[in-house]
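Note sheet for the following structure.
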Amino acid sequence: MGPRPPSAPAPTTPAGDPRPAWAPPPTSPVPSGADVAGEGTQARLAASLRTLELTVRRRLDGLLQGNHLGLVPGPGTEPGEPRPYQPGDDVRRMDWAVTARTTEPHIRETIADRELETQLVVDLSPSLDFGTAACEKRDLAVAACAAVVHLTRGGGNRVGAVVATGDRTLRLPARGGETAARELLRRIAATPPAPEGTRGDLPGALEALRRPPRRRGLVVVVSDFLGDVDWERALRALRARHDLLAVEVVDPRDEELPDVGTVVLADPETGRRREVTTTPTLRRRFAAEAAAHRGRVAAALRGCGAGHLVLRTDRDWIADVVRFAVARKRGWSGGSSTGIVPSPARTGVELHSAASPTGIR
């Protein structure tokens, strides 16, 4: 027998520690090796997405069967194309504007809400190319997209995306089917990172989705929501037509600084660097400012009427998705709710809801 081929190295976290079993696989399109744009990169990306798909299927399969936002019985509520009136048509659907313009009776058909159209707004700005726990925030953002795609596709439903890096905005039209869903995730994961010093453009991505107007459905915004809360107006405008879900991706270093002495802090979206000493006073101020910012984000999302799911790089993300989805399913089915979110000691999930003004962590 010949020599045994070398085994693949064990997956590790950004810090070099063994990767937990629940951590999403690395999906960065720029690996540390030399074959940045070669076949090896594509093979690793395909393998990571396949692993992610199997994980999501195993733990989320059947979770939301038969529950879709915007799915209503009847002939439909979405305006369609006008057509000439025919004997037997419902006169209540008469389109008087077209009738007056053409001098012939016309009716306005409606589109039955049998299918759900989900649009992902994915923020892949440079601040997400960072992580200090089990994975990078970008990996977790791609994993969140995979969970949303799996929970909403099927039954003729369609999924599309708007991917914004700050350097470019990529629009992926909504399509149905398993093959289209896999291609959508592949293109999201393969989006090249923006150069350091590029500011994110979440408001622009939201506006790109709003114009031209889309058929009503579900809009899922995946971002770390760092920086100014300048996206609130665009998100509120989307709420007038769509159901909203915001997925906030958080790393522990977004909330607090470690006691490591002198360190260089870099802002990936401005390119500015500053050497600081992590004194207890600085660490307290940093934590307070971070908590205040997250409070502003939660309040803005709550004001826009969006569901708010927080995923962390240091916690089992898919367990958080399951708990959040089960809670929404209970609400869709008319289950009773006290508006009280269980403590994190029992759930480990962060939810911010309209019933809880401050949110519970």
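Filter the stretch 216-270 down to residues that are open to solvent by 30 Å² or more (accessible area, probe 1.4 Å) and assigned to a strand (DSSP E or B), then give me how many there are. Number satisfying all stated conditions: 6. If I ask for residues that are within 21 Å of residue 196 (Cβ to Cβ) and in a loop (DSSP other than H, G, I, E, B), which ones from the stretch 271-292 would you list? If the condition is that a residue be within 21 Å of residue 196 (Cβ to Cβ) and in a loop (DSSP other than H, G, I, E, B), then 271, 272 are the ones that fit.
Kindly evaluate residue 180 against the criterion of being in contact (Cβ under 8 Å) with a residue 60 or more places away in the chain and either under 21 Å from residue 149 (Cβ atoms) or open to solvent by less than 70 Å² (accessible area, probe 1.4 Å) (or both).
When the stated conditions are applied, residue 180 does not pass them.
Taken over the stretch 191-208, the criterion of being surrounded by fewer than 16 Cβ atoms within 10 Å (Cβ to Cβ) and not charged (D, E, K, R) is satisfied by 192, 195, 197, 204.
Would it be correct to say that residue 335 is surrounded by fewer than 16 Cβ atoms within 10 Å (Cβ to Cβ), outside any strand (DSSP E or B) and at pLDDT 90 or above? Taking the combined requirement at face value, the residue does not satisfy it.
The values are calculated or read from the model by the stated rules, or taken from the named source; none is laboratory data. The structure displayed is predicted, hence computed values, not measured ones. No Cβ is skipped: glycine too gets one built from the backbone with ideal geometry, and neighbour counts run over all protein chains shown. Accessible surface is based on the protein model in full, side chains and every heavy atom, while ligands, DNA and RNA are left aside. Shrake-Rupley method; radii C 1.70, N 1.55, O 1.52, S 1.80 Å.
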